[in-house]
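Take a look at the structure below.
We did not get these values from a lab; they are worked out from the coordinates using the rules stated. Remember, predicted model here, so these are calculated numbers, not experimental data. Ideal geometry is used to build each Cβ from the backbone, glycine not excepted, and the neighbour counts take in all protein chains shown.
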């Protein structure tokens, strides 16, 4: 079947123009989509707005779900009759009497053209954007923030000398601060330039050394050879000591030590640490330090202090003889902790021995003692003592010995007589001296005494080791919970040569390695060693 | 996307493997990995910012804008991983954390944008169907004129309501407008809706011809109300697809400023 569509438009001259088209079929689509047979190009029309169905009974429009206006009534579909007026969007369809052989005829006219005013209004809606401009905001954000954030630099560069500007820079600089300073450095937080001396240059050692004078290098420059020569070239303080990282500035990771010392097989206290090495001073060579590894192949370490001492005897549980009866001694009778508790006070004859080991030279005559010191002093004291007695000047605390002839007090002596008296007194002093050294063995109880060819007694020089491990940061104060004997086992020791320093195995009973272990104190390298040295308690 | 995934995985792996040199108390931007991640992140930021340049270079043949945008999204997301690792999880009240926070905000706003672009186009199609926004606005204009014509034959009170509801149409029904209004969508007081209610209330008292006319008026007004709502919803979707950019773009530039300050401040006081 055929239908006839007449498109009515207005010509340039304002006259109506009619353009007729005939279409064949039974179903026709009406809409703005180009696939539609009846094409109504306007935005107010749907793509396929309605369907026109033609059959024997007549013509029918189906618009659902869209709406059309059929004779001024809005409907979803309608049967068409001649004279009907249908509005589809801005178009008006008027059903006309069909010519011969045509099922349906209608005209299509655009009734409501979009006015310029209308489209302006539409574009106002579409184009209406918020008064805020992204670009303006971006400029503002960028330059505003940049100025704000770089202000510390500007202030730092321009006005460090002006007090007010300086105060401002202090405040601003805080925004640059990447983290809290180490405790000791917090006083510098007001002035970045204290450490950061030059802009864009890394912190120089110069700034550190301004305060930290006397810090020793791990390997002194003159001792650097081979690997260490390379390893310590141009290393800055700040490579290890990083500030702005909270309170701790000194790294104490064991890994740092192991990086180099691992090559020597030292990597952890618990598993890979050599036996301790002692720094011994010998009585015969008091200016030299003899460094001996404990428990090496040559047997136990021996100290050559030139003293004689028997720990077993002194620590006898029944006590030792004492002028006032028997007395049981403990370690602390002789070994006192020094002030601060880290070190021990050196044992002194006067303080710790003389109560029992009196140096009396003729107990029946006097309670006086010879001085503890060089043989010469002793001899001088004896000669003076007996000369005085021989000359008849007897002090109240002395009962004159029978074998020393004396001059009557107040007698006038000739020089010859005087010399005679002195010779007698000297002979007596010599006799007493020999008796002390050889018969009573007063000196040789503790000392090695010999006689020179010229007949003079000589006491071997004594040197006691005060710092056995001078490099360690060991402190007795933190070990007071343990009895002395735990580490310094002197049970059975009968000679002064015995060394009672603990071996590493003894330390390991309590101290583990860097990794925590059950029942052990985690101890990394820094627990006992100092990187820079020279800070140890035992130096 | 593959580049971004590889980048993230690589960064995470290296970070996990990389035991910060024992010298440093904790990991931070100053280790070699820190510097590497920082440099990479900074370059990424610059490249991400270049999307704004690339999309305006219509004649450029350096990849498609689509490809750039896709990479922008994925690499932008990977930046979150890289920069977080660069920070070593160290935050404080300073320029450095400010740069980080700005970056997180930019990425978050970008994520909102991705969500908007995934969700709203479908909703827009569903809302307007095959109509266009322009067509709907024109239809609203037609309905306005029709209402005014009908109202001429009705009492003054009705006429007044209709005039108020249809005056200047697009302006008076409050379509578009400020960003806030656009975002509010149909949640604003609408004169058309009010007019419908008024007309129905008044119409109850009319009879005969007047009632029929009033019925037509209400029908047209109701239709308009539906369309107006639809337009509002459409504008709202459009606004939703735009508004995140108001955060994303200025924040990006703020980030650039903070990044410059961060880099300068780190090396100024090295």
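When the helices in chain A are scored as -39500 (n - 2.57) per DSSP H run of 4 or longer and the sum is shared across all residues, what 222 nm value do you end up with, to the nearest 500 deg cm²/dmol?
Theoretical 222 nm ellipticity from helices: -6500 deg cm²/dmol.
Starting from the alpha-carbon convex hull of the range A:269-412, give the projected area averaged over all orientations, in nm².
15.4
If you line up the long axis of helix A:415-434 against the longest principal axis of chain A, both from Cα atoms, how many degrees apart are they, to the nearest 10?
Computed tilt is about 50 degrees.
For B:251-259, what's the mean count of beta carbons from other chains sitting within 10 Å of each residue's beta carbon?
Whole-number average of other-chain Cβ neighbours for B:251-259 is 6.
Over the whole of A:236-242, what's the average partner chain Cβ count within 10 Å per residue? Rounded to a whole number, please.
Neighbouring Cβ atoms belonging to other protein chains average 2 per residue here.
Which value results for Rg/Rh of the range A:326-366 when Rg is the Cα radius of gyration and Rh the Kirkwood radius based on the inverse mean 1/r?
Taking Rh as the inverse mean 1/r over Cα pairs, Rg/Rh reads 1.14.
Between residue A:530 and residue A:209, what is the spin-label point distance in nm, taking each point 7 Å from the Cα along the Cα→C-beta axis?
Label-label distance for residue A:530 and residue A:209, simple model: 2.0 nm.
Which of rounded, prolate or oblate describes the range B:65-131 when judged by the alpha-carbon gyration tensor and an a/c cut-off of 1.5?
Judged from the Cα gyration tensor, the range B:65-131 comes out prolate (a/c at least 1.5, a/b above b/c).
Taking Cα centroids, how far is the range B:191-266 from the range A:277-342 in Å?
98
Could you work out the relative contact order of the range A:363-404, using alpha carbon pairs under 8 angstrom and six or more residues apart, expressed as a whole percent?
48
Specify the angular offset, from 0 to 90 degrees and rounded to the nearest 10, of the alpha carbon long axis of helix A:134-158 from the longest principal axis of the alpha carbons in chain A.
Rounded to the nearest ten degrees, it is 20.
Roughly what would the spin-label model give for residue A:342 and residue A:439, points 7 Å off Cα along C-beta, in nm?
Label at residue A:342, label at residue A:439, 5.1 nm between them.
Given the range B:211-268 reduced to its alpha-carbon atoms as identical point scatterers, what log10 I(q)/I(0) does the Debye formula return at q = 0.14, 0.16, 0.28 Å⁻¹?
Result of the Debye calculation: -0.63, -0.70, -0.99.
Please give the average number of partner chain Cβ atoms lying within 10 Å of the Cβ of each residue in B:135-147, rounded to a whole number.
The per-residue average across the peptide is 5.
Sorting check: for B:105-116, A:497-508, which peptide has the highest mean count of neighbouring beta carbons within 10 Å, and how do the rest follow?
Packing order, densest peptide first, comes out as B:105-116, A:497-508.
Between residue B:114 and residue A:11, what FRET efficiency comes out of the Förster formula 1/(1 + (r/R0)^6) with R0 = 51 Å and r the beta carbon distance, rounded to 0.05?
Computed FRET efficiency for residue A:11 and residue B:114: 0.45.
Rounded to the nearest 0.05, what FRET efficiency do residue A:255 and residue A:368 give with R0 = 60 Å and r taken as the Cβ-Cβ distance? Could you check?
It comes out at approximately 0.40.
Please report the spacing between the Cα centers of the range A:354-406 and the range A:142-220 in Å, no decimals.
Answer, in whole Å: 74.
Using only the Cα atoms of the range A:191-231, build the gyration tensor, take square roots of its eigenvalues as a ≥ b ≥ c, and label the shape rounded, prolate or oblate: rounded if a/c is under 1.5, else prolate if a/b is larger than b/c, else oblate.
Oblate is the answer for the range A:191-231, as a/c is 1.5 or above yet b/c matches or exceeds a/b.
Taking the Cβ-Cβ separation of residue A:82 and residue B:238 as r and a Förster radius of 51 Å, what is the calculated FRET efficiency to the nearest 0.05?
So the FRET efficiency works out to roughly 0.65.
Once you keep just the Cα pairs under 8 angstrom separated by 6 or more residues, what percentage relative contact order results for chain A?
11
Express in whole angstrom the spacing between the alpha-carbon centres of the range A:67-108 and the range A:236-261.
93
Once both axes come from the Cα atoms, what is the angle between helix A:375-390 and the longest principal axis of chain A, in degrees from 0 to 90, rounded to 10?
So the inclination is approximately 40 degrees.
What shape does the range A:472-539 take by its C-alpha gyration tensor, where a ≥ b ≥ c are the square roots of the eigenvalues and a/c under 1.5 counts as rounded, a/b above b/c as prolate, and the rest as oblate?
Oblate, because a/c is 1.5 or more while a/b does not exceed b/c.
So for the protein assembly as shown, considering every pair of alpha-carbon atoms, how many percent are separated by more than 41 Å?
That tail contains 66 percent of the Cα-Cα pairs.
In nm, give the distance between the simple-model label positions of residue B:123 and residue A:375, each being 7 Å from the Cα along the Cα-to-Cβ direction.
With each label point 7 Å from Cα toward Cβ, the separation is 11.2 nm.
Taking the highest mean first, how do the peptides A:509-516, B:38-45 order by number of other beta carbon atoms within 10 angstrom per residue?
B:38-45, A:509-516
How big is D, in µm² s⁻¹, for the range A:184-327 by Stokes-Einstein at 10 °C and 1.306 mPa s if Rh is the Kirkwood radius over C-alpha pairs?
75
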